[in-house]
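Written below as structure tokens is the structure these notes are about.
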Amino acid sequence: MTNNEDNEMKLTTKITLAGCLIASSLSCIAEEKKDTRSFKTTQVAPGLYMIAGVGGFTGGNIGLSTGVDGVVMIDDSMPPLLGRMKDAISSITPKPVDFLINTHVHGDHTGNNEAMGKSGTRIVAHENLRLRMVNKGVMTSNGDVPAPKAALPVITFSHSMNFHLNDQDAKIFHVSEAHTDGDAVIYFKQANVIHTGDTMFSNMFPFIDFNNGGSLDGYIEAQKTIYKLANDKTKIIPGHGELATKADLKNSIEMLKESKKIIAELVAKGKSEEEIVALNPLAKFHDKWNWGFITTEKMTRQVYKGIKASGKKKHKHHKKEKDHSH
């Protein structure tokens, strides 16, 4: 994160998300004179809940499955909110959390891993998430530190895995090079509920973390994959934002595809990043999609970088094929 980007962040309840998404940083959450943050719970299907923050930024949307077989949780907020998160869970069930699924590595989704792991919860995630935690550690206010053993996933998968608990068949599957390189999406078949992690920001420009393996094309493909699973009655718990529908997801896919097309045409004409930004090519999306962190300008830069990165990857692949041809 540059100093300019850091200065642009206004740590208000609307945009506190900014610093937490970048490099899994938790230190950016400002101390408020009066911390009024809490969680609200919404039942989206029998035994399935969405736990979302109110009164300020509390991290990504949490999912909770409860029933006779135990409790399965999706993502776990941040350390300062551990007590309030537990209170929200206790309002739904007195049982301990048996399994915790991390949708990706960012600290606003994995911040309470250590506390949950120490309490006996088994953490589940894509193998790339664990590798990043082991090899790079986790970011704190004092910089990167080795990930505590209790914070590490103890069950990992490469492509997909299934949970058969609480009368639900839940499929956890990987979408590659999307928001990060370790994204997991959870589909509850009987309940017709999907938790997307940060492969969907509901009615907001998304954040694509190129530094942690994300890509523009992968992000679009991830949303297309989720779209194929959904129908008009599907309830979608996004990584951030309000409970969404298939129609919301369709709008997001169309916005991303059109944004890519608009900017790709300018790149093909030889326009530089600054020249493209000056043209404000995504102005038509501003009123609906712009928000505190991923503004229309930042979205323009993000799409530009995604297109350039994709071009480099294709060039390397073509060169490799050419080098191996006979």
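What follows draws every value from the coordinates through simple rules; no lab data is involved. For clarity, every value in this text was computed on a predicted model and none was experimentally measured. Because the Cβ atoms are built from the backbone with ideal geometry, glycine has one as well, and the counts that use them run over all protein chains shown.
Laid out as a table, the results:
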{"item": "Cα shape, region 182-326, gyration tensor, a/c 1.5 rule", "result": "oblate"}
{"item": "Residue of GLU114, GLU254, GLU221 that the Gaussian network model of the chain assigns the largest fluctuation, springs spanning Cα pairs under 10 Å", "result": "GLU254"}
{"item": "Trypsin sites (Lys or Arg not before Pro) within region 210-281: DSSP coil, no more than 11 neighbouring Cβ in 10 Å", "result": "LYS233, LYS269"}
{"item": "Among 84-91, 237-244, the order from most to least packed when residues are scored by Cβ within 10 Å on average", "result": "237-244, 84-91"}
{"item": "Highest to lowest packing among 279-289, 193-203, 45-55, scored as the average C-beta count within 10 Å", "result": "193-203, 45-55, 279-289"}
{"item": "Tensor-based shape of region 88-227 (alpha-carbon gyration tensor, a/c under 1.5 rounded, otherwise prolate or oblate)", "result": "oblate"}
{"item": "Rel. contact order, % - alpha carbon contacts under 8 angstrom, at least six apart, region 42-142", "result": "21"}
{"item": "ILE123 long-range amide H proximity, modeled H, under 5 Å", "result": "LEU100, VAL154, ILE155"}
{"item": "In sequence order, calculated HN-Hα J values of region 249-259 (Karplus, 6.51, -1.76, 1.60; Hz; x Gly/Pro)", "result": "5, 4, 4, 5, 4, 5, 4, 5, 5, 5, 4"}
{"item": "Relative contact order of the chain, defined on C-alpha pairs under 8 angstrom at six or more residues apart (%)", "result": "13"}
{"item": "Kirkwood hydrodynamic radius (C-alpha pairs) into Stokes-Einstein, the chain, 20 °C and 1.002 mPa s, D in µm²/s", "result": "106"}
{"item": "For region 66-118: rounded, prolate or oblate by the Cα gyration tensor [a/c cutoff 1.5]", "result": "oblate"}
{"item": "Residue of ASN113, ASN61, ASN162 that the Gaussian network model of the chain assigns the largest fluctuation, springs spanning Cα pairs under 10 Å", "result": "ASN162"}
{"item": "222 nm mean residue ellipticity, helices alone, for the chain (DSSP H n ≥ 4; -39,500 (n - 2.57); rounded to 500)", "result": "-10500 deg cm²/dmol"}
{"item": "Region 178-302: relative contact order as a whole-number percent, Cα under 8 Å and 6+ apart", "result": "26"}
{"item": "For LEU165, distant residues with modelled amide H under 5 Å away", "result": "ALA170"}
{"item": "Segment ALA150-SER310, extension gain: residue separation times 0.36 nm, minus the distance between their alpha carbons", "result": "53.9 nm"}
{"item": "Helix 127-136 axis, angle to the chain major axis (alpha carbon atoms, nearest 10°)", "result": "80"}
{"item": "FRET efficiency estimate (nearest 0.05) - Cβ-Cβ, ALA283 to VAL134, R0 41 angstrom", "result": "0.40"}
{"item": "Hz values of 3J(HN,Hα) by residue in region 186-197 - Karplus curve (6.51, -1.76, 1.60), Gly and Pro given as x", "result": "10, 10, 8, 5, 5, 7, 6, 10, 10, 9, 9, x"}
